Amino acid sequence: MTTQTQQQTTADLAGFEPRIVGFLCNWCSYAGADKAGAAQLAYPPNVRVIRIMCTGRLDPQFVLKAYSEGADGVLVLGCHPGDCHYKEQNYRAIQRHEITLRLLEQFGIPAERCRLDFVSAAEGEKFAHVIGEMVETVKRLGPLRIQVNA
């Protein structure tokens, strides 16, 4: 890569705003997002939220579909382990996330582009913090230039 190409790439990244899809648990993380909004906490607007009943039910195909539709990153937020409305489904979410990361690796998508975290209904500040971290991580990685056909 020449110096001129590196400068153009850096210039292109300067205006890059990542598109992130967030799958949020209805019972905890979605309520945490609502609390962040009610508290008027500032966080980047880059995440498009999809409300799901439980992260334990998140099919890896949904994550692949998000990437195939142009997402640069995916964020999965659920209840803390042991506090799931559906008993142990957040442990299943952890297992599915590990499977999803292996699947993404086969498509050449770095694991940093798909994050699993836990945010309760009372953690509006944590929600805003996690969103900020994810946006910064994906900005650092740059746009996803991979074609995923899910």
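The values are calculated or read from the model by the stated rules, or taken from the named source; none is laboratory data. Note that the structure is predicted; figures quoted are calculated from it, not measured. Because the Cβ atoms are built from the backbone with ideal geometry, glycine has one as well, and the counts that use them run over all protein chains shown.
Worth pointing out:
- Test: residue in the range 63-72 that is closer than 19 Å to residue 129 by Cα, assigned to a helix (DSSP H, G or I) and hydrophobic (A, V, I, L, M, F, W, C): no
- Extreme residue, surrounded by the fewest Cβ atoms within 10 Å (Cβ to Cβ), among residues of the range 86-108 that are assigned to a helix (DSSP H, G or I) and of a type in the set (Lys, Arg): 102
- Filter pass, residue 76 being among the aliphatic types (A, V, I, L, M), under 13 Å from the mean Cα position of the chain (by Cα), modelled with pLDDT of 95 or more and outside any helix (DSSP H, G or I): yes
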